[in-house]
Amino acid sequence: MAVTTERSAGATAIRPFTVEFPEADVADLRARITATRFPEREPSEDPIVHPLGDNVPPQGVELATMEALVRYWGADYDLRRVQARLNALPQFVTEIDGLDIHFIHVKSRHENALPVILIHGWPGSVVEMLGVVGPLTDPTAHGGNAEDAFDVVIPSIPGYGLSGKPTTSGWGPNHVASASVELMQRLGYTRFVAQGGDWGAIIVDLMGVQAPAELAGIHSNMPGVLPPEIAKRFAPVVAEPAPSGLSAEERRCYEQVAYVYTKGIAYGVQMLLHPQTLYGIADSPAGLAAWIADHDAQSYLDIASAFVDGAPVGNLTRDEVLDNITLTWLTNTGVSSGRLYHESSYGFFDAKGVSVPAAVTVFPKELYQAPRSWAERAYPNLIYFNEVDRGGHFAAWQEPQLFSEEVRAAFRSLR
């Protein structure tokens, strides 16, 4: 990968950044896609019924989905599309704790914009957040008001995309959280808010635990809400029967989390235990694509709809999905991104002890529907809680306009 930066004196310098993937790497990717060797079709088997009622393929990503994805990726998709999208925005790199951190930084044209750092998750990248840059920085052009404007900072998590890859252990979510705070401080922000989903949700929760003076509040679309007595029933990944005394909303959440732990998180266990074993996703584009597509049942069904039926759900189009996979391939971060699971000692969905003002949006196709009762326990200073009518795990990516409206509403009281 060829990159261009303006070098300045000092490791803490903010260096402008552009990227150009070498033609040889792009040609190699196309050749590998063309040479994909598929397995046989999955045997006929009764589907698994998801807690939300959908039928889920029992053996994972179906052959029909991968054939359609590979065909489009190799013949119709512009392999330089993601490069062009990234280079259309202001990008920078700065060194934090010995590692280069890549980030997008877009300032609003409106006065008194509130700085926000948006943190993505796995298997995503900054691609997840590109659709919300406009609505957040320029709300008047997207149905909002000038007083709801944000300055937007979107870092690549270490090991993901265009950030450096840790060569030693220690870059777990707590370290990423402190580095995210340092990034905002280095940019000169004395007061800011943070937002995250997936790993980003865990990271912003931990920012809320660290509670630096500059952090005014956090917003999560995958809130860590499981009380300790509930969380321990999922240790390590085996779900015990739901306890008695839960409300209808709490039982619904419990059953959804139980589904994730028992039927939907095999990839997470592999990366938690042996991420280095995943040579196949570093050597095969189709292997990487299937690994990424299998993140969660609801997102997979929407991805399959986009490729097989040509009917994307929200903004989760074929090109959007392939932008993320292509960036992961061309930066060779399939394995390095998975190490975050290995580095973490936190329960994915557990309450973390956040003390700062916190806001929660519940999207209907998220892994679980967080009940307000647990959210109020997990976030003693809960300033906003809302359930919306569409969107899933990759909320900013799939429903950028709705997501942006939620972020505006979530932080309005902190301006």
Please give the charge dipole size of the chain, origin at the Cα centre, charges +1 on K and R Cβ atoms and -1 on D and E Cβ atoms. Round to the nearest 20 debye.
700
Amide H contacts under 5 Å for Ser163, restricted to residues at least 5 apart in sequence or on another chain and with H modeled in the peptide plane, are His102
The range 349-415: relative contact order as a whole-number percent, Cα under 8 Å and 6+ apart:
35
Residue by residue, what Karplus-based ³J(HN,Hα) values in Hz, rounded to whole numbers, does the range 93-100 have, using 6.51, -1.76 and 1.60 with θ = phi - 60° and x for Gly and Pro?
9, 9, 8, 10, 6, x, 10, 6
Using the heavy atoms of the protein chains alone and a 1.4 angstrom probe, what is the accessible area of the chain per residue in square angstrom?
40
In percent, what relative contact order does the chain have, based on Cα pairs under 8 Å that are 6 or more apart in sequence?
19
Those lysines that a straight Cα-Cα span of less than 25 Å connects to Lys365, excepting residues fewer than 8 apart in one chain
Lys232, Lys263, Lys352
What percent do you get for the relative contact order of the range 181-330 when only Cα pairs under 8 Å and 6+ apart count?
12
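So, with a 1.4 angstrom probe, what is the percent of accessible area on the chain that is carbon and sulfur?
Carbon and sulfur: 49 percent of the exposed surface of the chain.
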Computed over the Cα atoms of the range 110-231, the Rg and Dmax in Å are 14.8, 46
For the range 270-281, in order, what is each residue's ³J(HN,Hα) by Karplus, 6.51 cos²θ - 1.76 cosθ + 1.60 with θ = phi - 60°, in whole Hz (x at glycine and Pro)?
4, 6, 5, 8, 9, x, 5, 5, 7, 4, x, 7
Per residue Cα convex hull volume in Å³ - calculated over the chain
137
10 Å-binned pair-distance histogram of the range 164-284 (Cα, whole percent)
11, 31, 32, 21, 5, 0
Starting from the amide H of Asp350, placed 1.01 Å from N in the peptide plane, find each other amide H under 5 Å away whose residue is 5 or more places distant or on another chain.
Leu226
Let me know the Kirkwood hydrodynamic radius for the range 156-225, please, with Cα pairs as the basis and the value in Å to one decimal.
12.5
Determine the equivalent ellipsoid of the range 321-393 by diagonalising the alpha-carbon gyration tensor, then write out the semi-axes as square roots of 5 times the eigenvalues, largest first, rounded to whole Å.
30, 18, 10
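The values are calculated or read from the model by the stated rules, or taken from the named source; none is laboratory data. Nothing here was measured: the structure is a model prediction, and the numbers come from that model. For neighbour counting, all protein chains shown are included, and Cβ atoms are generated from backbone atoms with ideal geometry for every residue, glycine included. Keep in mind that these areas ignore ligands, DNA and RNA; they rest on the heavy atoms of the full protein, side chains included. Shrake-Rupley method; radii C 1.70, N 1.55, O 1.52, S 1.80 Å.
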